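Structure first, then comments.
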Amino acid sequence: MNRHNHSEALADLNAACHKIAIYWRLYVDWLMEVGWGRLALLSLLALILCGMLMLPGLATLLILVSIVVKIFAGPRRPAQALPDKS
């Protein structure tokens, strides 16, 4: 590989890391909006799908990460309006 190919590969890697960070933030925001019942239903569907694809470890990892993120990120509070000082 020459210098040009290396710089393209590093630029692509940098772009991928940027996209991953954006999608992670969107996933956490979506997860905060989803209720626990819907999360349980989606977890069951993920177990079924990953069971059919013979990837039970992936389903377990996705479910545990989702639960931990939902617990530790906490509920979103609506923005409070600033008091009127007029």
Please tell me if Lys70 is charged (D, E, K, R), out of contact with any His (no Cβ under 6 Å at 6 or more places or on another chain) and at pLDDT 90 or above.
yes
With the first residue restricted to the range 33-44 and required to be farther than 14 Å from Leu64 by Cβ, and the second required to be open to solvent by 100 Å² or more (accessible area, probe 1.4 Å) and not aromatic (Phe, Trp, Tyr), Cβ contacts under 8 Å at 6 or more apart or on different chains are Glu33/Arg76
Answer yes or no: is there a residue in the range 62-71 that is more than 14 Å from the chain's Cα centre (by Cα) and either open to solvent by 60 Å² or more (accessible area, probe 1.4 Å) or free of Cβ contacts under 8 Å to residues at least 24 places away in the same chain (or both).
no
Would you check if Leu49 is of a type in the set (A, V, I, L, M, F, W, C), modelled with pLDDT of 90 or more and out of contact with any strand residue (DSSP E or B) (no Cβ under 8 Å at 6 or more places or on another chain)?
yes
Condition (residue is on the phi > 0 side of the Ramachandran plot, open to solvent by 80 Å² or more (accessible area, probe 1.4 Å) and assigned to a loop (DSSP other than H, G, I, E, B)) applied to the range 42-60: is it met by at least one residue?
yes
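The values are calculated or read from the model by the stated rules, or taken from the named source; none is laboratory data. What you are looking at is a predicted structure, and each value in this text was computed from that prediction instead of being measured. Ideal geometry is used to build each Cβ from the backbone, glycine not excepted, and the neighbour counts take in all protein chains shown. Quick note on the areas: whole protein, heavy atoms, side chains included, nothing else; ligands and nucleic acids left out. Shrake-Rupley method; radii C 1.70, N 1.55, O 1.52, S 1.80 Å.
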